[in-house]
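The values are calculated or read from the model by the stated rules, or taken from the named source; none is laboratory data. Here the structure is a predicted model, which is why all the values come from computation and not from measurement. Every residue, glycine as well, gets a Cβ built from its backbone with ideal geometry; the counts of neighbours run over all protein chains shown.
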């Protein structure tokens, strides 16, 4: 069946054949009048370029829409349960099973997370250029399963185990460990680059009846994301604490189940056709603008090269904006020369130029949101080691230290429900926008809450250190204090959970809708790039703090360190980052091409387009 699926899926034919096919059957080129005499069937074919499994324009009554979401959400739940179940507890595996120092284990964890997230850019490139989002998810899920298989071997083979006084992992043990981790990082990066975008592809943005579901989709997608995280933080981590081989083996089974859930209804999905390398298109714009530096800009839009389809449909002809005017020269047609005479690297279309500008306009937001994740990643590293010293008894059951993240997950889930059912309806009535507030406003609220979470974390650590000094445990690491309950960590987990519920869905919406149509997977990857930069930034920040403080704020013995001052310093840096974010949002004046279209704009423009055709 796999060979049939690969040959049938849109995007598997040659680029030239794909282009010709698009001009013949793509219903987005048809001018359908929405009048009283038109039948309902006129609405059933997608106009956004999505195809069914056989490569034909998708029938909306048979593909996509709300009916496929349970399978996509179940797949996302299983995938996130597997990936988070490994990553959140991996620091415990490194410290207590592989005997790495606390700082080395924390940096190994954040580097692993950062690599997984930065590889979303590679996954987005593969999806947009070669495989499409569906097959990218399938292929990289298989890679993730392979990585978990290697970790099962690392945790099971006797030669990799040690009892008593042990040296840190080295040689074949360390090589196997790193192979498993980074195969998982590659698999997770590829899946994360495409799964939210593939889900959004199931709704036609130009159909107001479907576009209205997009704000809810991103919200509920993150809900399932966090539900998988919660299951991973509780059930999976408990299994890992009992037996690491069984823990990793459980994750392998869950990830295999997610793959089966995804492919079992492959004929019901809508597929975006890969349109060639988006990075090559961006590079051509840059090179052509440099080569044409001395050419004068034409007085009107007629002097720019348009895409073939734009010549056929004048309504879609791209008008170049005045921002980044130097890039407009890439599309200038010199007098006396044809496009073919100029060559592909000396002349590009106006559409490609505007696509380049759209990506450029996303970068300032990327640059001012990544530090948020530098601060938040600490809840998966140092807070876990803090929790080891707390009283984690819940009746007769002792909660694993890494499972305290369930407080964060439940906070995110509750916030998403309240946001969707309470905040969003109120905001819609006040602003008149289908999505209530803009994605940038939602991000800004989350950034402020992120600052507050670091302050709360610093105050909680100060309270913990007070108890350490009272009991005289400054020189003894990782000793449980019965007088210090695990619920002291709840306030910081609650605040950061609310912050995450504001920031992450807003980032997905902003970068997905703000990217050009043929670069949506790349746009989604930029969301994960912010978290990747945050993880790598955490490693740099930890090293900087260790080298700048004497005595060290971050020690293997956390009872002798000053993590409270470390958290305060993160709060100060987060405040500076928020000021930069405000400046960026003020400087960039948004217009049709200068702002990523949020879901409200998508629906407004869809209604305008359909209404104008009716007239």
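Summary of values
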| quantity | calculated |
| --- | --- |
| Residue 418 modelled with pLDDT of 85 or more, over 23 Å from residue 92 (Cβ atoms) and in the same structural domain as residue 486 (by TED's automatic domain parsing) | yes |
| Helices (runs of 4 or more DSSP H) fully within region 364-448 counting 2 or more residues that are touching a residue at least 40 places away in the same chain (Cβ under 8 Å) | 370-376, 382-388, 406-418 |
| Meets criteria (touching a residue at least 24 places away in the same chain (Cβ under 8 Å) and in a loop (DSSP other than H, G, I, E, B)) for residue 169 | yes |
| Sole residue being surrounded by fewer than 20 Cβ atoms within 10 Å (Cβ to Cβ), closer than 28 Å to residue 239 by Cβ and more than 18 Å from the chain's Cα centre (by Cα), chosen from 106, 172 | 172 |
| Test result for residue 254, assigned to a helix (DSSP H, G or I), out of contact with any strand residue (DSSP E or B) (no Cβ under 8 Å at 6 or more places or on another chain), in the same structural domain as residue 410 (by TED's automatic domain parsing) and closer than 15 Å to residue 73 by Cα | yes |
| Check on residue 105, farther than 28 Å from residue 546 by Cα and touching a helix residue (DSSP H, G or I) at 6+ places or on another chain (Cβ under 9 Å) | no |
| Filter result for the condition that a residue is at pLDDT 85 or above and in contact with a helix residue (DSSP H, G or I) (Cβ under 8 Å, 6 or more places away or on another chain), over 228, 247, 232 | 247 |
| Among the candidates 215, 245, residue that is assigned to a helix (DSSP H, G or I), surrounded by fewer than 23 Cβ atoms within 10 Å (Cβ to Cβ) and assigned by TED's automatic domain parsing to the domain that holds residue 405 | 245 |
| Verdict on residue 88 being at pLDDT below 85, under 21 Å from residue 366 (Cβ atoms) and buried (at least 22 other Cβ atoms within 10 Å of the Cβ) | no |
| Test result for residue 266, under 24 Å from residue 135 (Cβ atoms), modelled with pLDDT of 85 or more and touching a strand residue (DSSP E or B) at 6+ places or on another chain (Cβ under 7 Å) | no |
| Single residue of 581, 536, 541, 567 found to be in the same structural domain as residue 383 (by TED's automatic domain parsing), surrounded by 18 or more Cβ atoms within 10 Å (Cβ to Cβ) and within 20 Å of residue 484 (Cβ to Cβ) | 567 |
